[in-house]
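Asker: The following block contains the structure, expressed as C-alpha cells.
The values are calculated or read from the model by the stated rules, or taken from the named source; none is laboratory data. Not measured: the values here are computed from a predicted model. Reconstructed Cβ throughout: ideal geometry from the backbone, glycine too, with neighbour counts over all protein chains shown.
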Amino acid sequence: MHEQPPVVLTIAGSDSSGGAGLHADVRTMSALGVHCATAVTLVSAQNTAEFRSAVPMPPGMVLSQIEAVLDDLPVVATKTGLLFTEANIHAVATIAENGRLPLLVVDPVMVGMQGTSLYDADTEKLIAERLVPHARVITPNHLEAGRLLGLELTGDLDELVDAARQLGELGPEAVVISGGRRSVDGTAPVVTDVCVVGEQVTMLESPWVETPNVRGSGDTLSAAIAARLAIGDTVIDALRSAHAFTAEALRVSASWRLGAGQGPLGHFHSPR
C-alpha cells in the first residue's frame, strides 16, 4: 500500500505546449511524490517558440477554484505562478492575508521568455506590497527581483545578496534569486541560486547545461520547493533539494528536441 501523499495547491496559468506553469508544477510535484491540486489563472495559446494569446480567468473563478480545494483537501503548502491580472493578484493576496495559503511559495512571474516585462510598474508594486509579504519563500530571477524593488540589477552576486536581503525585509522567511537567466549566454561555468534565509546566505551551484530546453525551469524550482516543504523539509533543505532536482531535470532533457524553441525539462529523472 502506498503512503498517502501530502497535498500542495498551485495557482498558476496553463501553457498549451505543456512546458511551463501548471504543467511544470504538476509534473514536478508528481515526481516528488506530492499530490498537486490546481487553480487556473489563465489559459494560453503558446508553443516552445512563441506566445500567441491568453485569456485570464475571472477573479471570482480563481477564488472559487482555490476555495473548492481548500474546503475539501488537506492542503499543507501552496505556490503561485503567473496571476496575469491585477484583479487576480488582489484576489489571491486577500486569501493569503487571511492565512489560508499555508507555506506559500511565490514565484513572481513578471518577465516573459525574452526578458520583457509582463506587467506595468504599478502591477509589479502590487505584487511586492500585497503578495510577497505573506510568502514563506519567494523565487524571483534577477530581473524580477529588480522589478520588485524598483531597481535595475546587473546580476553581480554581491548585488543580488543585498537585493535578497531587501526583499526579505518585505516579509518572506527566504528569498531565492534564481541564476538560470543570469547564465543564459553560457559563459558562466555554473548556475548560482542566491539564497538568503534570515541572516544566512547560501550559494547553491550546479554546472551550466548547454540546452535549449529551459522552459518551465523557474516553475520547476518553485514547485519543488513547495513540494519539499509539504513533505516536511526545513526551508534551507527544501531549497537545496529543489535546486538539485531542477539541475538534474535540465541535464537529462538537454538533448531533447521537442519543438523549435525552448523545450520542457525532464522531471521524471529519478525515484522520489
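Asker: Considering every residue within the stretch 180-202, establish whether at least one is closer than 15 Å to Leu250 by Cβ and at pLDDT 95 or above.
Answerer: Among the residues of the stretch 180-202, at least one is closer than 15 Å to Leu250 by Cβ and at pLDDT 95 or above, which makes the answer yes.
Asker: Sticking with this structure for a sec: Assess whether Ala135 counts as being surrounded by 22 or more Cβ atoms within 10 Å (Cβ to Cβ), more than 30 Å from Gly261 (Cβ to Cβ) and of a type in the set (A, V, I, L, M).
Answerer: The answer is yes for Ala135.
Asker: Moving on to the next point. Given Ala174, Ala163, which one is out of contact with any strand residue (DSSP E or B) (no Cβ under 6 Å at 6 or more places or on another chain) and at pLDDT 95 or above?
Answerer: Ala163
Residues are listed down the side, and each one gets a yes or a no for (1) free of Cβ contacts under 8 Å to residues at least 24 places away in the same chain; (2) of a type outside the set (D, E, K, R):
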{"residue": "Gly19", "(1), (2)": "no, yes"}
{"residue": "Arg27", "(1), (2)": "no, no"}
{"residue": "Thr41", "(1), (2)": "no, yes"}
{"residue": "Leu63", "(1), (2)": "no, yes"}
{"residue": "Ala91", "(1), (2)": "no, yes"}
{"residue": "Leu103", "(1), (2)": "no, yes"}
{"residue": "Asp120", "(1), (2)": "yes, no"}
{"residue": "Ala128", "(1), (2)": "no, yes"}
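Asker: Which ones in the stretch 132-160 are assigned to a loop (DSSP other than H, G, I, E, B), touching a residue at least 12 places away in the same chain (Cβ under 8 Å) and not β-branched (Val, Ile, Thr)?
Answerer: Ala135, Arg136, Pro140, Gly150, Leu151, Gly155
Asker: Out of all the residues in the stretch 78-105, which are of a type in the set (Gly, Ala, Ser) and either closer than 21 Å to Leu221 by Cβ or surrounded by fewer than 20 Cβ atoms within 10 Å (Cβ to Cβ) (or both)?
Answerer: Of everything in the stretch 78-105, those that are of a type in the set (Gly, Ala, Ser) and either closer than 21 Å to Leu221 by Cβ or surrounded by fewer than 20 Cβ atoms within 10 Å (Cβ to Cβ) (or both) turn out to be Gly81, Ala87, Ala96, Gly99.
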